[in-house]
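Worksheet: the structure to be examined is printed underneath.
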Amino acid sequence: MNAIEITILSIVLMIALGYFLKRIDFLSFKDVDSLNNIVIYILLPCMIFHALYTADLSLLPQLGILPFVILASSFITGIISYFILKTFNISDKHLWSILITVMIANTGFMGYPVSLGIYGHEGFLRAIFCDTATMAIFLILSFVLILKFGGNIKTAIKKIALFPPLWAIVFGILLNLTNIPIGPVIDNTVNYLGNGAIPLIMLSLGISIDLEGLRRSKSAIIFTSIIKLAFFPFIAFLIVSFLGLSDLQFDVSIVEAAMPSGMLSMLLAITYKLDFELTSDCILINTVFSLVSLPIIIMLI
């Protein structure tokens, strides 16, 4: 087996374990929030911080192009999807419930493990920069939804400003560039905690899977799966080819663009009172579909 096959199969097995533990009532859907909070507020920030703190940031100017690739791919895909959805007789609330799942990729929660497993720490470093675009897209969509459905601009800014992975990026780069030592004890502790992020992420995804959603939201799921898992990465491929990116810059950009819908979509749906059940169905089912689409795209590039 090559690195791609090993990584994908390992991810599938961990997700399957989470699903199995839910089926035997060892864990339940109510545990997902607790697991996700541990990941988002502790493990993932440690993982990101340690990767950036120990990385060679001499390539920082080149890495800065990666967020643009994800941003451009998201907005091109989003605009095209918007006009397609407008041709259907659905309410604005349903339209935006679907659209946010198309525009926000799971570049962090699922993108990190895949990029790290296949491309190593150099790939993971690039995945972090891709994920900064997802944070920007989340904030931009928050402003759009506030204008569309009402809400508080301060709340949207606060959600990003207090998002721990963002501060992990800031402090990781800052302490790296300024050569400020954190000491071996803290370094080891942060590293140990960061290593726990991937298995917990995969277990959480497995527990979250609800195949009943395929029956409830069949049309929306088919649309979002095709657009998010095929069209989005195709647009990214056109952009990175036009920019002349190569090697890891090329590969990681497309792989991150090929990720399923991100969990931040659900946060938007709940915050702005969209159809969060529809959004949830699209996220969870196209995450399952991505276990088939991702290996195909990775092998093609």
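General remarks:
- Taken over region 73-97, the criterion of being in a loop (DSSP other than H, G, I, E, B) and small (Gly, Ala, Ser) is satisfied by 91 alone.
- Of all residues in region 205-226, at least one satisfies being in contact with a Ser or Thr (Cβ under 7 Å, 6 or more places away or on another chain), crowded, with 18+ Cβ neighbours inside 10 Å and at pLDDT 85 or above.
- Members of region 132-146 that are buried (at least 19 other Cβ atoms within 10 Å of the Cβ) and either over 16 Å from the mean Cα position of the chain (by Cα) or under 18 Å from residue 7 (Cβ atoms) (or both): 142, 145
- Of 43, 35, all but one fail to be in contact with a Ser or Thr (Cβ under 6 Å, 6 or more places away or on another chain), farther than 25 Å from residue 251 by Cβ and at pLDDT 85 or above; the exception is 35.
- Under the condition of being in a helix (DSSP H, G or I) and touching a helix residue (DSSP H, G or I) at 6+ places or on another chain (Cβ under 6 Å), the residues counted in region 267-279 number 6.
- Residue in region 229-251 that is surrounded by 15 or more Cβ atoms within 10 Å (Cβ to Cβ) and within 27 Å of residue 22 (Cβ to Cβ) present: yes
- Hits in region 43-100 - residues which are surrounded by fewer than 20 Cβ atoms within 10 Å (Cβ to Cβ), farther than 22 Å from residue 234 by Cα and among the β-branched types (Val, Ile, Thr): 54, 87, 90
- All positions within region 197-232 that are within 19 Å of residue 83 (Cα to Cα) and either touching a helix residue (DSSP H, G or I) at 6+ places or on another chain (Cβ under 8 Å) or outside any helix (DSSP H, G or I) (or both): 220, 221, 223, 224, 225, 227, 228, 229, 230, 231, 232
- Residue list for region 247-261, restricted to those being more than 8 Å from the chain's Cα centre (by Cα) and outside any helix (DSSP H, G or I): 258
- If you go through region 23-72 and keep only what is farther than 25 Å from residue 174 by Cα, within 17 Å of the chain's Cα centre (by Cα) and either part of a loop (DSSP other than H, G, I, E, B) or in contact (Cβ under 8 Å) with a residue 12 or more places away in the chain (or both), you end up with 32, 35, 36, 72.
- Unmet criterion (only one of (1) in a helix (DSSP H, G or I); (2) within 28 Å of residue 227 (Cα to Cα); (3) aromatic (Phe, Trp, Tyr)) for residue 167: (2)
- Taken over region 66-89, the criterion of being more than 21 Å from residue 262 (Cβ to Cβ) and either in contact with a helix residue (DSSP H, G or I) (Cβ under 8 Å, 6 or more places away or on another chain) or not hydroxyl-bearing (Ser, Thr, Tyr) (or both) is satisfied by 83, 86, 88, 89.
- Cβ-Cβ distances below 8 Å connect the following pairs, each with a first residue in region 143-171 that is under 15 Å from residue 273 (Cα atoms), a second residue that is surrounded by fewer than 16 Cβ atoms within 10 Å (Cβ to Cβ) and modelled with pLDDT under 75, and a separation of six or more residues or different chains: 143/153; 146/152; 146/153.
The values are calculated or read from the model by the stated rules, or taken from the named source; none is laboratory data. As the structure is a prediction and not an experimental result, all values here were calculated from the model. Cβ atoms come from the backbone with ideal geometry, glycine included; neighbour counts cover every protein chain shown.
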